[in-house]
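Working notes for the structure below.
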């Protein structure tokens, strides 16, 4: 067998394995959600959509409230985070300032603290401010939590944009803010869009902050809402949990598939010079 054929075969087998490895949990979740006997101890398989009707139609589960909260909180946190990260990346890559690397590595070091180590102090702060079980109680920690990732991605992207564009804009009469908003932002839009999507997904999947800082469906997000289905029923309703998980994951999957080219393109352009 020729070397090229061996490489092609190995590449195909690796791709099939990775796709199967990634899709198996989702397929298992999907089949369980449409099984009338989802309990692990019960044999047999019978198709049903009752779990989806229960999740979407039962007011006691508040599933749609949780989903709305997740979308609003994640969207607000990701938009603010990317805006702050964009301005910060502009300052780090374009302005003459000392300690740029120190700032970047300090942000990275702070992000390494586990959420569990901060949640107790964060709960006290939010309690003192009267923000428990509100959107700001989640949005503010999400911004701080996602900012290091967003900053590093955008610094990598902004650093690859030629500085000649800045000089040309300044010669045309632009100040630094106009250079940022009229020149760099349009050029860096793929990287900013990629960062925005990743930030939204990170915030959407967050669990610990939402668990501790919310108390009911008025602000609680979907990961915590699904996890507490057990408490609502007194037993583990696997069918409803899996149905809720499929409904929750499906929009994220569609969004990733639709915009995957933009995500990969935006990240790789910021990672490779040229």
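The values are calculated or read from the model by the stated rules, or taken from the named source; none is laboratory data. Keep in mind the model is a prediction, meaning the values are calculated, not measured. Counting neighbours? That spans all protein chains shown, and the Cβs are built from the backbone with ideal geometry, glycine included.
Some points to look at:
- All of 56, 61 fail the test of being under 17 Å from residue 248 (Cα atoms), assigned to a helix (DSSP H, G or I) and either modelled with pLDDT under 90 or out of contact with any strand residue (DSSP E or B) (no Cβ under 9 Å at 6 or more places or on another chain) (or both), apart from 56.
- Pairs, first touching a residue at least 24 places away in the same chain (Cβ under 8 Å) and on the phi > 0 side of the Ramachandran plot in the stretch 122-146, second in a loop (DSSP other than H, G, I, E, B) and surrounded by 15 or more Cβ atoms within 10 Å (Cβ to Cβ), C-beta under 6 Å, six or more apart: 133/214; 133/219
- Condition broken by residue 218, with the remaining ones in (1) more than 14 Å from the chain's Cα centre (by Cα); (2) farther than 17 Å from residue 24 by Cα; (3) surrounded by 14 or more Cβ atoms within 10 Å (Cβ to Cβ); (4) modelled with pLDDT of 85 or more satisfied: (3)
- One residue from 179, 116 being loosely packed, with under 11 Cβ neighbours inside 10 Å and in contact with a helix residue (DSSP H, G or I) (Cβ under 9 Å, 6 or more places away or on another chain): 116
- Summed over the stretch 149-178, the residues that are within 13 Å of residue 86 (Cα to Cα) and part of a helix (DSSP H, G or I) give a count of 11.
- Exactly one residue out of 72, 104 is over 17 Å from the mean Cα position of the chain (by Cα) and either surrounded by 15 or more Cβ atoms within 10 Å (Cβ to Cβ) or modelled with pLDDT of 85 or more (or both): that is 104.
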